[in-house]
Amino acid sequence: MFYRKKSSVFIVLMLNVFLLITMIGCDLNTRDPKVEPDQASQWLKGIVSDLKPQKRIVLGYYENPWKGASDVTGSYPSLKSFSSSLSAVGPFWYKIAKDGSIETKESKAAYDTMHELGLKVYPLVTNKSEATDSILGDENIRTIATDNIVKVVKDNGYDGINVDFELLDPIHRKDLTAFMEELYPKLKAINKTVIISVFPQVEVHESVSGAYDYPQLANCTDYIQIMTYDKHWSTSEPGAIAPIDWYEKNIQYAIDKCGGANKVLVGVGAYGYDWDSNKNGETITYGSAMALAEKKGAQVKYDETVEAPYFKYDDHEVWFENARSTAAKLKVIAKYNPAGIAIWRLGQEQPEMWKEIDQTFPKM
């Protein structure tokens, strides 16, 4: 039904365009000999191009191999294996210190690989928790920090930056906006993309989400990446990290508050937690979760209400993500047609997840 309606609208549009071109053609001979005949066809091309699907960002967050580990751990294997499904990478490389300087753990080898694969690179820059008051509250430090971010982007030839400031108190709300208002024009002056990662706000305590003023931040960024995961976190009760109803509510809220779907990147978690009886949760990847279930002889079940797999063993409870739960989220995301998705993080996922992404939310 939807396809038929689109086809009818397109036919009517083309008939109107044809009549308009005919009228323009008559005017060329009678009223304005200076008009070039191909102007109408160029205008027609513009109309047709507007009907094409918009570009979608498929961003994968990247973490280097852990200290002492081999180069085939961390996010690198997924980067190499599934780069054709990605359009951009967000390496987790930079932290801002109390004096506004930037600490780095960048990898030239990884960056060269990203570049060779033709991917946009938007590194994450995070805040050291003890430095937040200085970075956001001190105008001089704020300027030093924003200037240093610009320098990092320029010196390395990055395509932009992703500001990921977390563990912020609600009192930082205006200061975070001021920080982005200072950074944004500096990066736009050199034609770079600015993304900010924000906590979801529906059914999330204000102490965690209150610092993020969605409407104001939308005015001084290109994209707002909503971190739609950790509904249940490492010290909470066990449960799905992104229950599907909570997930959709937060997508709707973000699109409404940010002024449109074209400003929003939706987070897609690829990990889980293994909680003990004291509500101490350890991050677990898909591969580790399946290996653990097999080792413990635990049956992996799937909760269709929240759309997530889980299992129990001894006094532990494990919730995580797999291709099926990702497919459910992608189906919800596709309803709202946002600017893109952002996967946290490469290397944690079930490999079959990429088939779901290619099918439901392909990059264009």
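The values are calculated or read from the model by the stated rules, or taken from the named source; none is laboratory data. Here the structure is a predicted model, which means the values were calculated and not measured. Please note: Cβ atoms are built from the backbone with ideal geometry, for glycine as well, and neighbour counts cover all protein chains shown.
Structure data summary
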{"quantity": "Test for V208: is it of a type in the set (A, V, I, L, M), in a helix (DSSP H, G or I) and out of contact with any strand residue (DSSP E or B) (no Cβ under 9 Å at 6 or more places or on another chain)", "calculated": "yes"}
{"quantity": "Segment 131-145 - residue that is in contact with a Ser or Thr (Cβ under 9 Å, 6 or more places away or on another chain) and among the hydrophobic types (A, V, I, L, M, F, W, C) and, of those, surrounded by the most Cβ atoms within 10 Å (Cβ to Cβ)", "calculated": "A145"}
{"quantity": "Extreme residue, surrounded by the fewest Cβ atoms within 10 Å (Cβ to Cβ), among residues of segment 116-130 that are assigned to a helix (DSSP H, G or I) and at pLDDT below 95", "calculated": "E130"}
{"quantity": "Positions within segment 114-131 being in contact with a strand residue (DSSP E or B) (Cβ under 9 Å, 6 or more places away or on another chain) and more than 22 Å from Y61 (Cα to Cα), in sequence order", "calculated": "A131"}
{"quantity": "Residue in segment 152-167 that is under 18 Å from A88 (Cβ atoms), surrounded by fewer than 14 Cβ atoms within 10 Å (Cβ to Cβ) and of a type in the set (G, A, S) present", "calculated": "yes"}
{"quantity": "Residues within segment 262-280 that are under 22 Å from N162 (Cα atoms) and crowded, with 20+ Cβ neighbours inside 10 Å, tallied", "calculated": "9"}
{"quantity": "Per-region count, segment 298-315, residues in contact with a strand residue (DSSP E or B) (Cβ under 8 Å, 6 or more places away or on another chain) and not aromatic (F, W, Y)", "calculated": "8"}
{"quantity": "Those residues of segment 259-282 which are part of a strand (DSSP E or B) and within 10 Å of S234 (Cα to Cα), in sequence order", "calculated": "G272, Y273, D274, W275, G281, E282"}
{"quantity": "Every pair of residues 6+ apart whose Cβ atoms lie under 7 Å, when the first sits in segment 85-100 and is within 16 Å of V58 (Cβ to Cβ) and assigned by TED's automatic domain parsing to the domain that holds K355 while the second is part of a loop (DSSP other than H, G, I, E, B) and among the aliphatic types (A, V, I, L, M)", "calculated": "L86/L119; S87/L119; A88/L119; V89/L119"}
{"quantity": "All positions within segment 78-92 that are buried (at least 20 other Cβ atoms within 10 Å of the Cβ) and part of a helix (DSSP H, G or I)", "calculated": "S78, L79"}
{"quantity": "Residues (assigned to a helix (DSSP H, G or I) and touching an Asp or Glu at 6+ places or on another chain (Cβ under 7 Å)) located in segment 169-197", "calculated": "P170, R173, T177"}
{"quantity": "Neighbours by Cβ (under 8 Å, 6+ apart or cross-chain): first from segment 233-261, modelled with pLDDT of 95 or more and surrounded by fewer than 21 Cβ atoms within 10 Å (Cβ to Cβ); second among the β-branched types (V, I, T) and in a helix (DSSP H, G or I)", "calculated": "I244/V332; E248/V332; A261/I255"}
{"quantity": "Qualifying position, being under 20 Å from the mean Cα position of the chain (by Cα), modelled with pLDDT of 95 or more and not aromatic (F, W, Y), among I190, I141, I195, I135", "calculated": "I195"}
{"quantity": "Filter result (assigned to a helix (DSSP H, G or I) and among the acidic types (D, E)) within segment 131-151", "calculated": "D133, E139, D147"}
{"quantity": "Any hit, segment 307-314, residues being under 22 Å from the mean Cα position of the chain (by Cα) and under 27 Å from Y122 (Cβ atoms)", "calculated": "no"}
